[in-house]
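Read the structure below first, then the notes.
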Amino acid sequence: MREALRALAIVVLIALSTSAGEYRPHSPIVIATVADLTPENGVVKGSGTAEDPYVISGWEVDAGDGIGIVVRGVDAYLVIEDCLVRGTPRGTGVSIAGSPHVVVRDCRFEGLGTGVFLYEAPGAVLRGNEFVRCWTGIEGNASPQLLVRENLFRDARKHGLFLWRARGSRLEGNRAFDCGYGIYLDSCNVLTITGNLVVNCRWGIYLWDSHDSLLTRNVVENCVRGLGLYHTSARNLIYHNAFTSCDYPAFDDSSGGNRWYAPYPQGGNFWGGVELDDRYSGPEQNEPGPDGIGDVPVEIPEAGRDRYPLMSPPPGLPSWEKGD
């Protein structure tokens, strides 16, 4: 009888959350055990398996100075989607700790101290979310193998995206506008950072003590400082990115431990505003005829060098229009 009532309640919640296409108000939610995954806590469907995850969807939550949705110590598969979480600069939208199978997608976070906070949440997926006027959009700690894809960060006073010890994570197709740091990576190794767009930030992309990562097809535009590799960040491969209209496009203090170009003829990066000639070609740039690569390297303070700078932006870069 209890299971039948629970099933009926979920059916009713699904109907309510989808009938009007609008958020419905809900008090802050705390999921501390599988037993908390109930309709009363905003679950609208699912059984907790990989094929049929629990789903919390369609709610508007006021976090205030606290936390809008808490998930801790839960092994079940859970999706949080299509929710709006507001709060104060002391508040957190969603906090996930000790829970390895959580997806947060297509949610909006406004005015919070942190939009989504992760701690020991390996494999979490954050996709298609929007963070507006949060001090930090996403903060991930000790959470490897994250997928952070197609999120939008606007007016983050501190960080759009901050990760610490997020080994093996993928950052793909994110956009950051008017943030302190667009993307800040601390002690993060073996990352794939591709297709991201960072515009009008004090720092575009910043790596601290981070190694063995790939950065390609990213655009950093109109930032005070573009891409920085600091404090032993080494063995990173950076190519086919575009740095345009930045006061200081890039920094690298690793004494040559990073490579700012792919093997010839793939080439390095596009440096908007840097005047280059293209009269020669070949791996040593000493053969007659242009090849789309500058004839002399671009030197990167303090220790970097793009041996094969591109004459024009590479294909496949993310784009934006004013008003986005």
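Of the residues making up segment 144-178, those that are more than 26 Å from P89 (Cα to Cα) and surrounded by fewer than 22 Cβ atoms within 10 Å (Cβ to Cβ) are P144, Q145, R167, G168, R170, E172, G173. Under 18 Å from P301 (Cα atoms) and either surrounded by 23 or more Cβ atoms within 10 Å (Cβ to Cβ) or of a type in the set (K, R) (or both): is that true of G226 in this structure? Spelling it out, G226 is indeed under 18 Å from P301 (Cα atoms) and either surrounded by 23 or more Cβ atoms within 10 Å (Cβ to Cβ) or of a type in the set (K, R) (or both). Condition (residue is among the aliphatic types (A, V, I, L, M), surrounded by 11 or more Cβ atoms within 10 Å (Cβ to Cβ) and touching a Lys or Arg at 6+ places or on another chain (Cβ under 7 Å)) applied to segment 298-315: is it met by at least one residue? No, because not a single residue in segment 298-315 is among the aliphatic types (A, V, I, L, M), surrounded by 11 or more Cβ atoms within 10 Å (Cβ to Cβ) and touching a Lys or Arg at 6+ places or on another chain (Cβ under 7 Å). In the set G182, G168, G173, G140, only one residue is in contact (Cβ under 8 Å) with a residue 60 or more places away in the chain and within 25 Å of R235 (Cα to Cα); that residue is G173. Name the residue that is nearest to S27 (Cα to Cα), counting only residues in segment 68-97 that are surrounded by fewer than 23 Cβ atoms within 10 Å (Cβ to Cβ), free of Cβ contacts under 8 Å to residues at least 40 places away in the same chain and hydrophobic (A, V, I, L, M, F, W, C). Among residues in segment 68-97 that are surrounded by fewer than 23 Cβ atoms within 10 Å (Cβ to Cβ), free of Cβ contacts under 8 Å to residues at least 40 places away in the same chain and hydrophobic (A, V, I, L, M, F, W, C), the one nearest to S27 (Cα to Cα) is V79.
Checking the structure you have, find out if any residue of segment 68-85 is under 27 Å from N200 (Cβ atoms) and not in a loop (DSSP other than H, G, I, E, B). Yes, segment 68-85 has at least one match.
The listed residues are F109, F131, and the only one of them that is within 28 Å of F243 (Cα to Cα) and in a strand (DSSP E or B) turns out to be F131. The set of residues in segment 112-128 that are part of a loop (DSSP other than H, G, I, E, B), within 16 Å of the chain's Cα centre (by Cα) and over 19 Å from D178 (Cα atoms) comprises A121, P122, G123, A124. Residues of segment 277-307 that are in a loop (DSSP other than H, G, I, E, B), closer than 25 Å to S254 by Cα and modelled with pLDDT of 95 or more: P283, E284, G294, D295, V296, P297, R307. Residue-level check: of (1) more than 20 Å from the chain's Cα centre (by Cα); (2) under 18 Å from E40 (Cα atoms), V85 misses just (1). Of the set (1) farther than 18 Å from I300 by Cα; (2) buried (at least 24 other Cβ atoms within 10 Å of the Cβ), all apply to L215 but (1).
The values are calculated or read from the model by the stated rules, or taken from the named source; none is laboratory data. From a predicted model like this one, the values you see are computed outputs, not experimental measurements. All Cβ positions, glycine included, derive from the backbone under ideal geometry; neighbour counts span all protein chains shown.
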